[in-house]
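**Q** My questions all concern the structure below.
The values are calculated or read from the model by the stated rules, or taken from the named source; none is laboratory data. On a predicted model such as this, the values are computed, not experimentally measured, just so you know. All Cβ positions, even for glycine, are placed from backbone atoms using ideal geometry, and neighbour counts span all protein chains on display. Accessible surface is based on the protein model in full, side chains and every heavy atom, while ligands, DNA and RNA are left aside. Shrake-Rupley method; radii C 1.70, N 1.55, O 1.52, S 1.80 Å.
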Amino acid sequence: MSVAPLAVEVICVFCLAAYLLHKYGNIRRQHVLVTLASLVAWYFSMIIIFILPLDVSTTFYKICLGSIQPPVTPAAILSPPTNATPHANHTYTDAPSSINTTVNDDQSLVRRDALFDTPTCQVPWSYVQEHVLPNMWHVVYWTSQILTWLILPFMQSYATSGDFTIQGKIKTALIENAIYYGSYLLIFGALLIYVAARPDLQIDGPRLKMIGITASNTWGLFLLVLLLGYGLVEVPRKCWTSSNREQLLAYTRFQVAKLSTDKSDTEETLEDILEEVSKASEAIRYNHPHRKYMDTILRKVPEDMQGRLNRGMDDYEDYPDGRSASIPSEKDLVALHRKTIRAVTSQHRTQIQWDILMERAFGLEDIAESEKCADRRFRSTFPQHYTGILKHICTPTVEWYWKCLVRPWVLKVLTVILAIFSFVVIWSEVTFFNKKPVLSLFAIFINVAAQNYDYFYIELASCLTITYLCVCVYFTVFRIRIFNYYYIAPYHQTDSNSLLFSGMLLCRLTPPLCLNFLGMIHLDKHVTGNEDQEIETAYTSIMGHMDVISFLSDGFYIYYPILVIVVALGTFFSVGNRCLGLLGFQQFIGDDDMTSDLIEEGKEMIKREKRKRQRVEDGEARRKSWRDRYGTTKDRVGSLQNRDASDSDSGRGSMKSGALYGKAKYSRVNDKDDSAQVELLKDSEPLDYDDSLAENEEFDRAKYTRSQAGRSSRQTTGSRWTGGRGYGSQAPPKGLFDDV
């Protein structure tokens with residue numbers, strides 16, 4: 001018995017949550033409260049996934065101890081003791097429940113052999129004291145529930161509110177969450193009325209707590225089954241599609257064409273809103289009381305678009321025809337502020353998606369071209385520059401074998417494994433309520449491991465199962481179109497709103513998912529109906545049972561998960577996509593004419609984007625070659641000044657002064673020649689080699705190349721690249737208290 005495994009898991013899960021938050025979020029740009037809330041939400045949701053297997057193995061050990069009698073010695077077989085007190089540290093063995101005192105020698109020998117052959121209850125390697133896990137579940141569960149139902153939704157609305165005061169932001173957040181909180185209160189109120197109408201039940205503190213937990217689990221389970229049914233089919237299908245390069249390339253081109261429409265719409269919307277911002281800024285001069293609100297709105301505008309805005313730094317002026325400028329009210333500025341935040345966020349999100357799709361398309365086209373190479377060397381249009389040991393490992397030959405030969409087969413094998421896993425999950429969801437015979441495959445596997453006291457296998461199988469369930473559920477969340485407003489992007493490109501939304505869903509869906517898993521392995525007797533089982537997990541003891549609401553405990557929680565097979569079959573035959581296609585929505589259907597047209601359109605867009613990025617790459621290469629050969633203009637002027645200073649200090653009189661004048665004149669002639677060369681180069685390629693413009697072009701290159709912006713050490717200015725609309729050196733908005 002040791003707390004070391006539990007402590008190691010707690011620390012490792014915290015490091016994993018912090019790493020993921022660092023990878024997807026931008027800690028330097030987002031507010032500290034957003035970072036803290038997201039970290040706690042992600043950490044507590046992940047810790048449930050990794051600590052629950054320890055609780056499962058401990059529960060099986062307690063079941064083993066509870067199913068045996070006090071230790072029996074061979075001498076006590078014929079006369080068993082009546083008052084036997086087991087030692088606290090004794091290792092128990094299974095013993096007969098009753099022993100007859102009048103037995104012959106053969107019967108005693110058989111019973112003695114059976115006794116010595118009975119295995120012992122081995123202590124799990126991760127076993128901890130009984131009070132540790134319940135106390136941990138109390139903290140984790142109630143903290144995650146407070147986050148998901150109160151704090152995170154409020155922070156989301158607060159961060160996107162257009163008000164300029166704390167009171168205004170709080171009021172707007174409460175109004176926006178009224179419908180959201182109302183759905184939960186409606187379920188809670190209905191359950192409360194049901195309990196109050198029953199004469200055999202009295203409403204007290206524990207029952208109110210159980211009603212609240214039931215309402216939360218009902219909401220989560222209702223959404224969980226729908227998301228899980230889609231993900232169990234779509235995750236293996238996605239893996240299989242990734243193994244087929246041609247199909248994946250066609251799907252990527254389709255996504256490019258589809259996303260280009262959204263990208264154009266968001267850019268046009270942002271342009272229209274910036275025009276409104278410019279008019280408002282022109283009307284509100286620097287000495288107007290509302291100017292501070294206008295400056296707050298201007299700070300939300302991307303840096304590369306601020307040059308076209310009117311700053312309104314002049315005094316009040318009338319229009320030439322005598323009309324006065326219409327000054328927006330504070331209410332109008334609040335609405336404009338909110339629209340600006342949403343437009344900038346939407347444009348940033350679509351730009352990130354566009355860059356990711358382009359990188360994927362370029363990589364797939366490189367694989368298609370490299371497969372034709374006889375020398376088996378991978379050729380990339382935009383090669384990655386590896387450093388350190390990766391430079392010697394990731395050679396073109398190794399890269400060719402991995403991307404063109406090995407990875408497709410690895411993905412196909414992984415698809416088969418995931419498909420089998422999905423079938424086992426669906427079968428267990430449909431049959432887990434059947435107690436005799438046990439049909440749930442997860443229950444059979446876990447019980448066999450428990451009989452062999454293989455606690456490590458129990459914990460590993462439980463962890464892998466819960467992780468796969470979570471992957472299927474959260475894959476669906478960020479795949480469905482209705483949730484496209486929230487997008488998780490790597491390389492620090494996820495906005496604060498999406499981080500809060502992901503943390504909220506993790507906290508809301510993980511508890512009912514874990515309860516569903518405990519039902520599948522038959523460790524929740526109130527779900528499986530196994531009343532003979534008296535020992536349950538510490539997690540179930542904290543969550544409680546739904547006996548207070550019988551129609552939920554005996555009906556909804558048992559039979560509603562069967563609906564997962566209906567959703568899975570509909571997803572397998574693409575019923576939803578075909579229905580949306582008939583309604584006019586663009587869906588990827590292989591035998592559809594609209595799909596073929598969009599694939600060709602996406603192919604042309606990828607070609608144009610590739611040519612654009614290649615021009616940027618070629619321009620940078622020429623500029624670098626120019627610098628290496630001639631240096632910058634400042635370097636040549638500094639060198640000339642140093643020569644002049646050294647010659648003037650030599651004290652050679654007027655003759656030397658005349659020579660110095662001639663040298664300077666000759667240098668000016670050379671400068672003219674250099675200027676002529678620069679002009680000729682400008683005529684051949686519209687690039688300026690001045691240092692400031694070179695820096696701007698470096699920013700453009702970072703704008704078009706996501707991989708180097710996220711991974712290259714030559715990144716322009718840290719977090720300056722933000723998917724094409726960066727904040728540059730200007731301090732970006734923090735999201736919560738920057739406006740007040």
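**Q** Quick one: what pairs do we get from the range 159-175, first residue more than 21 Å from His290 (Cα to Cα), second assigned to a helix (DSSP H, G or I) and open to solvent by 60 Å² or more (accessible area, probe 1.4 Å), C-beta under 6 Å, 6+ apart or different chains?
**A** Cβ pairs passing all conditions: none.
**Q** Only one residue in Thr118, Thr91, Thr82 is out of contact with any His (no Cβ under 8 Å at 6 or more places or on another chain), modelled with pLDDT under 50, open to solvent by 80 Å² or more (accessible area, probe 1.4 Å) and hydroxyl-bearing (Ser, Thr, Tyr), so which one is that?
**A** After ruling out the rest, the residue left standing is Thr82.
**Q** Can you go through Ile63, Ile68 and tell me which one is touching a strand residue (DSSP E or B) at 6+ places or on another chain (Cβ under 9 Å) and modelled with pLDDT of 50 or more?
**A** Ile68
**Q** Applying the selection to the range 6-33, what residues are open to solvent by less than 20 Å² (accessible area, probe 1.4 Å), out of contact with any Lys or Arg (no Cβ under 8 Å at 6 or more places or on another chain) and either at pLDDT below 90 or not in a helix (DSSP H, G or I) (or both)?
**A** Scanning the range 6-33 gives Leu6, Gly25, Asn26.
**Q** Which residue, of Leu499, Leu513, Leu518, Leu506, is open to solvent by 10 Å² or more (accessible area, probe 1.4 Å), among the aliphatic types (A, V, I, L, M) and either part of a helix (DSSP H, G or I) or at pLDDT 85 or above (or both)?
**A** The unique qualifying residue is Leu506.
**Q** Please go through the range 133-167 and pick out each residue that is within 30 Å of Thr537 (Cα to Cα) and in contact with a Leu (Cβ under 7 Å, 6 or more places away or on another chain).
**A** Result: Leu152, single match.
**Q** Just to be sure, is Lys372 touching a Ser or Thr at 6+ places or on another chain (Cβ under 8 Å) and open to solvent by 50 Å² or more (accessible area, probe 1.4 Å)?
**A** no
**Q** Quick one: in the range 521-564, which of the residues that are assigned to a loop (DSSP other than H, G, I, E, B) and among the charged types (D, E, K, R) is modelled with the highest pLDDT?
**A** Glu536
**Q** Here's something else I'd like to know. Report the residue count in the range 129-148 for those that are open to solvent by less than 40 Å² (accessible area, probe 1.4 Å) and modelled with pLDDT under 85.
**A** Number satisfying all stated conditions: 0.
**Q** Looking at the range 264-287, which of its residues are under 21 Å from Thr350 (Cβ atoms) and either open to solvent by less than 30 Å² (accessible area, probe 1.4 Å) or in contact (Cβ under 8 Å) with a residue 60 or more places away in the chain (or both)?
**A** Those that are under 21 Å from Thr350 (Cβ atoms) and either open to solvent by less than 30 Å² (accessible area, probe 1.4 Å) or in contact (Cβ under 8 Å) with a residue 60 or more places away in the chain (or both): Thr266, Glu267, Thr269, Leu270, Ile273, Leu274, Glu276, Val277.
**Q** Quick check on Arg349: is it on the phi < 0 side of the Ramachandran plot, modelled with pLDDT under 90 and part of a helix (DSSP H, G or I)?
**A** When the stated conditions are applied, Arg349 passes them.
**Q** Can you go through Leu582, Leu569 and tell me which one is open to solvent by 90 Å² or more (accessible area, probe 1.4 Å), under 28 Å from the mean Cα position of the chain (by Cα) and not aromatic (Phe, Trp, Tyr)?
**A** Result of the check over Leu582, Leu569: Leu569.
**Q** Going through Leu364, Leu336 one at a time, which residue ends up being surrounded by 14 or more Cβ atoms within 10 Å (Cβ to Cβ) and either over 28 Å from the mean Cα position of the chain (by Cα) or closer than 30 Å to His522 by Cα (or both)?
**A** None of the other options fit; the residue is Leu336.
**Q** Can you name the helices (runs of 4 or more DSSP H) wholly within the range 163-261 that have at least 1 residues being under 28 Å from the mean Cα position of the chain (by Cα) and surrounded by 20 or more Cβ atoms within 10 Å (Cβ to Cβ)?
**A** 166-176, 205-243
**Q** So Asn100 clears everything in (1) open to solvent by 80 Å² or more (accessible area, probe 1.4 Å); (2) modelled with pLDDT under 75; (3) in a helix (DSSP H, G or I) except one condition, right? Which one?
**A** Status for Asn100: all satisfied but (3).
**Q** Now a separate question. Anything in the range 611-634 that is open to solvent by 40 Å² or more (accessible area, probe 1.4 Å) and closer than 19 Å to Ala257 by Cβ? List them, or say none.
**A** Arg611, Lys612
**Q** It is to be established whether one or more residues within the range 288-307 are under 30 Å from Lys603 (Cα atoms), open to solvent by 10 Å² or more (accessible area, probe 1.4 Å) and in contact (Cβ under 8 Å) with a residue 60 or more places away in the chain.
**A** Looking through the range 288-307, at least one residue is under 30 Å from Lys603 (Cα atoms), open to solvent by 10 Å² or more (accessible area, probe 1.4 Å) and in contact (Cβ under 8 Å) with a residue 60 or more places away in the chain.
**Q** Please enumerate the residues belonging to the range 591-608 that are open to solvent by 70 Å² or more (accessible area, probe 1.4 Å) and within 25 Å of Met358 (Cβ to Cβ).
**A** Met594, Asp597, Glu600, Glu601, Glu604, Lys607, Arg608
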